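Remarks on the structure that follows.
The values are calculated or read from the model by the stated rules, or taken from the named source; none is laboratory data. Not measured: the values here are computed from a predicted model. Positions of Cβ are backbone-derived with ideal geometry, glycine not excepted, and every protein chain shown enters the neighbour counts. All accessible areas refer to the heavy atoms of the entire protein, side chains included, with ligands and DNA or RNA removed. Shrake-Rupley method; radii C 1.70, N 1.55, O 1.52, S 1.80 Å.
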Amino acid sequence: MKTTTLLAALTLGVADLVQGHYIFQQFGVGSTKFAVYQHIRKNTNQNSPVTSLSSPDLRCNVGGNSGASTTVASVKAGDAFTFRTDQAVYHQGPISLYMSKAPGSVQDYDGSGDWFKIYDWGPSFSGGNPTWPLRSDYTYNIPKCIPNGEYLLRIQSLAIHNPGSTPQWYVSCAQVNVTGGGNAKPSPTVKIPGAFKATDPGYTANIYNNFKSYTVPGPSPFSC
């Protein structure tokens, strides 16, 4: 009986752990909602997070090093785009968007070049109680002034829900071809890995103890 009870408890615990995870698996442009993993590099770790700050998997997730089998979405500079999850983002922490211009075909690009951030969703402290943007879809716009070309468009959820434990990164990359852009040179730029450090206040924050302000890790967002 004790063994059966223990196994049941462990099974429930594993189920809860998996249920608490999520993956950005669907992309859209404007009102068009593409099929699951259409234009998004398919990861090979299901909905598990990346936890190493030094791993190239931090770019486009485990299995996302190549986009050879992933199609490329056409987007106009200024277009709205949306990332959707398999289930609503469950863990507290910021959501950020990054882009990296491929030197040629984005399908052959491993993301080792320069990245620039275009947006952060952080906590709101209105009303005295912090609230996080926990939902299943995140929409923003391609910057109007960036040069034409093929890019990796990356979304990350940094889960800091368990202070004292290693934070978790939930990451996906879409492949896009931007047209109708400008000639701006986005800055600041960073390398991934390398953009985030274990000493970043936004990485080590305790969201349950005197939590009154927050700085999202990484560079400041670029805007036209």
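Among the conditions (1) in contact (Cβ under 8 Å) with a residue 60 or more places away in the chain; (2) within 24 Å of Asn61 (Cα to Cα); (3) of a type in the set (Gly, Ala, Ser), Ala205 misses just one, which is (1).
Considering (1) outside any strand (DSSP E or B); (2) in contact with a helix residue (DSSP H, G or I) (Cβ under 7 Å, 6 or more places away or on another chain), the lone condition that Cys173 does not fulfil carries the number (1). Within the stretch 132-152, the set of residues being assigned to a strand (DSSP E or B), within 15 Å of Ala80 (Cα to Cα) and open to solvent by 30 Å² or more (accessible area, probe 1.4 Å) comprises Asp137, Thr139, Tyr140, Asn141. Taken over the stretch 29-51, the residue count meeting the criterion of being touching a residue at least 60 places away in the same chain (Cβ under 8 Å) and closer than 18 Å to Asp110 by Cα is 5. Of the residues making up the stretch 178-213, those that are more than 17 Å from the chain's Cα centre (by Cα) and open to solvent by less than 40 Å² (accessible area, probe 1.4 Å) are Val178, Gly181, Gly182, Ala184, Pro186, Asp200, Ala205, Ile207, Phe211. Pairs meeting the criteria (first residue in the stretch 76-88 and of a type in the set (Ser, Thr, Tyr), second residue open to solvent by 20 Å² or more (accessible area, probe 1.4 Å), beta carbons under 6 Å, at least 6 apart or on different chains) are Thr82/Asp137; Thr82/Thr139; Thr85/Ser136.
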